[in-house]
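Let me begin by presenting the structure, written as structure tokens, before commenting on it.
The values are calculated or read from the model by the stated rules, or taken from the named source; none is laboratory data. Bear in mind that the values here come from a model prediction, so they are computed numbers and not experimental data. Note: ideal-geometry Cβ built from the backbone for every residue, glycine included; neighbour counts use all protein chains shown.
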Amino acid sequence: MRDGTKKKRNKTLYKLLRRTKDWGISTGFLLPSFAGVLLFFIIPFIMLIKMSFQKSATNSNFVGFDNYTKVISNDAFKEALGNTALLSALVVPLGVILSLLLALMLNARIPGRSMFRSILLTPMMVPVASVVLIWQVFFSYNGVLNGWLAEWFSIDRIDWMKDSSGQIIIVFLFLWKNLGLNIILFLSALNNIPKEVIESSMMDGAGAVKRFFSIRLYYLGPTVFFVAIMSLINSFKIFREVYLLTGDYPYDKLYTLQHFMNNKFSHLDYSQLSTGAVIMSVAMIVIVGILFIVESKLDSGTEE
């Protein structure tokens with residue numbers, strides 16, 4: 001009886017030591033990454049929140065929500081918020097739909113698909129400065145596009161970056177620059193769809209459209225969600241290209257949240273800069289949270 005109890009205790013002790021060892025190994029691997037996230041993301045963000053509640057960077061007096069009231073009521077901030085929201089609302093659906101259609105086309109057995117892949121993926125390798133240079137050559141007042149329009153259609157020259165159509169140019173710029181990565185993700189997801197499922201549906205007489213909506217789209221669901229998140233994040237990072245094209249104070253429709261915060265930084269107004277960054281972060285968290293909820297509900301609905 002005592003031997004059985006002793007063996008049981010030894011077995012429990014062995015399991016405890018094994019779990020402790022596994023926990024120590026996993027913690028050792030995770031610790032460097034966690035330290036980097038803590039040092040470069042979490043602590044700076046906490047400092048950012050703290051600064052948004054104080055009078056200035058040099059005056060730590062607590063001012064409550066005064067900075068938030070000032071920023072939200074600022075006309076420049078409201079215009080930047082509206083422009084950024086409109087840009088994201090345009091590029092995210094377009095980025096998902098166009099990249100999915102192009103991935104389906106490249107995944108099909110069409111002639112010259114290797115050449116099309118190279119053409120569509122080339123923008124990923126082009127530096128931002130080169131992208132801006134290409135756009136300036138085409139869309140400046142004395143650019144190639146105005147020359148073609150004037151010569152072929154006798155249309156007066158348009159300063160595209162100082163016109164209401166400038167936002168459309170930025171949408172094209174975003175899609176041209178970011179579709180390549182989305183296409184790669186969709187091609188990978190399409191190749192991971194079980195072939196036997198597709199073949200069995202074809203034997204059952206399902207057409208191409210039905211196979212896409214009933215099978216392919218089901219397996220592509222997580223990738224669609226991921227591409228939408230990445231497109232949303234990248235839509236907030238289009239500031240680099242717009243800034244290099246138009247400068248600190250672009251045409252009204254091209255003025256984004258990053259312009260607002262960049263100008264606040266230039267004027268050393270760190271309190272309002274921090275406030276704008278916190279508002280932008282909260283908005284991103286809410287949007288991504290809503291997307292997660294929608295995606296989880298769609299998954300649960302599909303499983304039922």
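Data overview
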item: Any hit, the stretch 72-84, residues being closer than 26 Å to R240 by Cα, of a type in the set (A, V, I, L, M) and without any contact (Cβ under 8 Å) to a residue 40 or more places away in the chain; result: no
item: Residue within the stretch 167-189 that is surrounded by fewer than 13 Cβ atoms within 10 Å (Cβ to Cβ), farther than 28 Å from L220 by Cα and touching a Lys or Arg at 6+ places or on another chain (Cβ under 6 Å) present; result: no
item: Residue match in the stretch 279-292 (condition: aromatic (F, W, Y) and modelled with pLDDT of 85 or more); result: no
item: Search result, residues across the stretch 265-287 that are of a type in the set (S, T, Y) and surrounded by 13 or more Cβ atoms within 10 Å (Cβ to Cβ); result: Y270, S271, S274, T275, S281
item: Residues satisfying the stated conditions in the stretch 238-262, i.e. surrounded by fewer than 17 Cβ atoms within 10 Å (Cβ to Cβ) and modelled with pLDDT of 80 or more; result: N262
item: Matching helices (runs of 4 or more DSSP H) fully within the stretch 172-273 where at least 2 residues are over 16 Å from the mean Cα position of the chain (by Cα) and farther than 26 Å from L86 by Cα; result: 195-203, 208-211, 217-235
item: Residue among T58, T20 that alone is without any contact (Cβ under 8 Å) to a residue 40 or more places away in the chain and loosely packed, with under 10 Cβ neighbours inside 10 Å; result: T58
item: Yes/no for E196 being more than 30 Å from W160 (Cβ to Cβ) and at pLDDT below 75; result: no
item: Cβ-Cβ under 6 Å pairs, at least 6 apart or on other chains, the stretch 234-248 side among the aromatic types (F, W, Y), far side at pLDDT 80 or above and assigned to a helix (DSSP H, G or I); result: F239/Q258
item: Residue match in the stretch 54-61 (condition: of a type in the set (A, V, I, L, M) and not assigned by TED's automatic domain parsing to the domain that holds G221); result: yes
